[in-house]
Amino acid sequence: MPSTPPDPTYRVAETPDDPTSRDGAASGPDMNAIVGSHDLLLVTLDTLRFDVAEELAAAGRIPNLVRHLPGGVWEKRHAPGSFTYASHQAIFAGFLPTPAAPGPHPRLFAARFAGSESTADGTFVHETPDFLSGLAAVGYRTVCVGGVGFFNRRPPLGSVLPGMFQESHWEPEFGVVSPTSFEAQVSRAERIVAELPVDRRLLLFVNVSALHQPNWFHLPGATADAGDSRATHAAALEYVDRHIGRLFAAASSRGRCFAIVCSDHGTAYGDDGYTGHRIGHEAVWTVPYAHFFLEPGATR
């Protein structure tokens, strides 16, 4: 599939020598300076494999994401869980995917507890069990735009994760069987941002369902009978990239925004005989990650 030119609707933030970074960008952001002064955007690209994300970035097939990645590459990390429910429970508790290198690695968010080796000076420490309620306690409006079934609020299990937010949204068109799921999610996110009072800080979370099986319909010429594959997974990421500029523009429309974009876990397409996730395979545990600033002033 041909590459798509970069979306002109948003600007890339400069991170070196940023006052919200400790001792330069390599030390990571100081979340105590960011929280309260910035809106926050958390995007989980559900089931996105690291190897596919890395290959598409290198090939110029996801330009709107790549323009934000430090050095133009994804950071390789290990997922905190092997499927959506487990991984998001950990992420919301502050255990974002861990860098795939010896640590310890300081965390951006952490509940206060004795003996933590990953709580550092720049960590936003909260007194609640998850950083969603920790941010709400300091004045943030926490909003979820759900995607996969664990966010659909239909059975009790589908209400646990969205119930951690002050406000949550899910519609059938946001779900895994919709070929236009991400466009619908972005439209809802735009409305949420537009309706928020200007003096209220926002944590916006979007669980992107487009990469999750089934995803065959994102690859021209693919069929339901042939099913999903690594190639259709890649095509789904290209679909997301074509529309993510609108989400970034909305998130930064009220001022400078700190964004985290990552996968919650990967998935297997016949790797070593495995299919799917909730398994201990490299394709599942290894995920792409990035965080960066979105500057205000984007135009449509």
Considering only the range 100-158, how many residues are over 24 Å from Arg191 (Cβ atoms), touching a His at 6+ places or on another chain (Cβ under 6 Å) and of a type in the set (Val, Ile, Thr)? 0
Are any residues in the range 112-127 surrounded by fewer than 18 Cβ atoms within 10 Å (Cβ to Cβ) and in contact with a strand residue (DSSP E or B) (Cβ under 9 Å, 6 or more places away or on another chain), and if so, which ones? Arg112, Ser116, Ser118, Glu127
Sort out which residues of the range 95-104 are within 28 Å of Ala250 (Cβ to Cβ) and surrounded by fewer than 21 Cβ atoms within 10 Å (Cβ to Cβ), and write them in order of number. Phe95
Filter the range 128-138 for residues that are open to solvent by 40 Å² or more (accessible area, probe 1.4 Å) and part of a loop (DSSP other than H, G, I, E, B); the one that is farthest from Leu211 (Cα to Cα) is Val138
Reported set for the range 24-49 where residues are modelled with pLDDT under 95 and surrounded by 24 or more Cβ atoms within 10 Å (Cβ to Cβ) is none
Of the conditions (1) modelled with pLDDT of 95 or more; (2) assigned to a loop (DSSP other than H, G, I, E, B); (3) open to solvent by less than 10 Å² (accessible area, probe 1.4 Å), the single one that Tyr10 does not satisfy is (1)
Search the range 251-266 for residues that are more than 15 Å from His291 (Cβ to Cβ) and pair each with any residue that is open to solvent by 10 Å² or more (accessible area, probe 1.4 Å) and of a type in the set (Ser, Thr, Tyr) when their beta-carbon atoms are under 6 Å apart and the residues are at least 6 apart or on different chains. His265/Ser82
Checking Asp199 against (1) open to solvent by 10 Å² or more (accessible area, probe 1.4 Å); (2) closer than 18 Å to Ser263 by Cα; (3) charged (D, E, K, R): exactly one of these is not met. Which one? (2)
Taking the options Arg188, Arg107, Arg141, name whichever one is surrounded by 15 or more Cβ atoms within 10 Å (Cβ to Cβ), part of a helix (DSSP H, G or I) and basic (Lys, Arg). Arg188
Which of the residues that make up the range 73-89 are open to solvent by less than 40 Å² (accessible area, probe 1.4 Å) and under 19 Å from Gly28 (Cβ atoms)? Trp74, Arg77
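The rows are residues; the columns are (1) in contact with a Gly (Cβ under 9 Å, 6 or more places away or on another chain); (2) among the small types (Gly, Ala, Ser); (3) farther than 14 Å from Leu42 by Cα.
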{"residue": "His88", "(1), (2), (3)": "yes, no, no"}
{"residue": "Phe109", "(1), (2), (3)": "yes, no, no"}
{"residue": "Gly163", "(1), (2), (3)": "no, yes, yes"}
{"residue": "Glu167", "(1), (2), (3)": "no, no, yes"}
Can you pull out every residue in the range 256-279 that is part of a strand (DSSP E or B), crowded, with 17+ Cβ neighbours inside 10 Å and among the β-branched types (Val, Ile, Thr)? Ile260, Val261
Among Leu211, Leu247, which is within 19 Å of Pro80 (Cβ to Cβ) and out of contact with any Cys (no Cβ under 8 Å at 6 or more places or on another chain)? Leu211
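The values are calculated or read from the model by the stated rules, or taken from the named source; none is laboratory data. Quick caveat: nothing in here was measured; it's all calculated off a predicted structure. Note that we place each Cβ from the backbone using ideal geometry, even for glycine, and neighbour counts take in every protein chain shown. Just the protein is used for accessible areas: all its heavy atoms, side chains included, with ligands, DNA and RNA removed. Shrake-Rupley method; radii C 1.70, N 1.55, O 1.52, S 1.80 Å.
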